[in-house]
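Report on one structure; see the data block that follows.
The values are calculated or read from the model by the stated rules, or taken from the named source; none is laboratory data. Everything numeric in this text was worked out from a predicted model, so none of it was measured. Every residue, glycine among them, receives a Cβ derived from its backbone with ideal geometry; neighbour counts consider all protein chains shown. Remember, those area values only see protein heavy atoms, side chains included, never the ligands or the DNA or RNA. Shrake-Rupley method; radii C 1.70, N 1.55, O 1.52, S 1.80 Å.
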Amino acid sequence: MYNDSFASRHIGPNPKEQAEMLNLLGCSSLEELITQTVPKNILLKKPLNIGSPMSEHGYLKHLKSLG
């Protein structure tokens, strides 16, 4: 059954779909796919420092405090 909900279009593939995609592309992991796809000169060498995850409500409160 085709599901055209916002979540199904924007959350991304589920684990089964990811495994199928990686198998089709001949990659063993998403990391391998990324290193084969993204040029080395633009790959980050360390994780982003973006803080803890926030809920939508918490993020809106944070944005208001910045304003």
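Quote the accessible area belonging to HIS10 in square angstrom, nearest 10, computed with a 1.4 Å probe and with ligands, DNA and RNA left uncounted.
110 Å²
What's the ranking of 39-50, 19-30 by average number of surrounding C-beta atoms within 10 Å, highest first?
19-30, 39-50
Considering only protein heavy atoms and a 1.4 Å probe, what is the carbon-and-sulfur percentage of the accessible area of the chain?
Roughly 61 percent, rounded to a whole number.
Report ³J(HN,Hα) in whole Hz for each residue of the stretch 40-50, in order, from the Karplus equation J = 6.51 cos²θ - 1.76 cosθ + 1.60 where θ = phi - 60°; Gly and Pro get x.
So the Karplus estimates, Gly and Pro as x, are 4, 6, 10, 5, 6, 8, 9, x, 5, 9, 10 Hz.
Where nothing but the Cβ of Lys and Arg (+1) and of Asp and Glu (-1) is charged, how large is the charge dipole of the chain around its Cα centre, in debye to the nearest 20?
Computed about the Cα centre, the dipole is about 400 debye.
Can you give the angle from 0 to 90° between the axis of helix 15-25 and the longest principal axis of the chain, with both taken from C-alpha atoms, to the nearest 10?
50 degrees
How much accessible area per residue does the chain have, counting only protein heavy atoms and a probe of 1.4 Å, in square angstrom?
Computed with neighbouring chains in place, this is 98 Å² per residue.
Here are labelled values, (i) 5.5; (ii) 7.8; (iii) 4.9, and one is the computed mean projected area of the Cα convex hull in nm² for what I pasted. Which one?
Correct label, based on the coordinates given: (ii).
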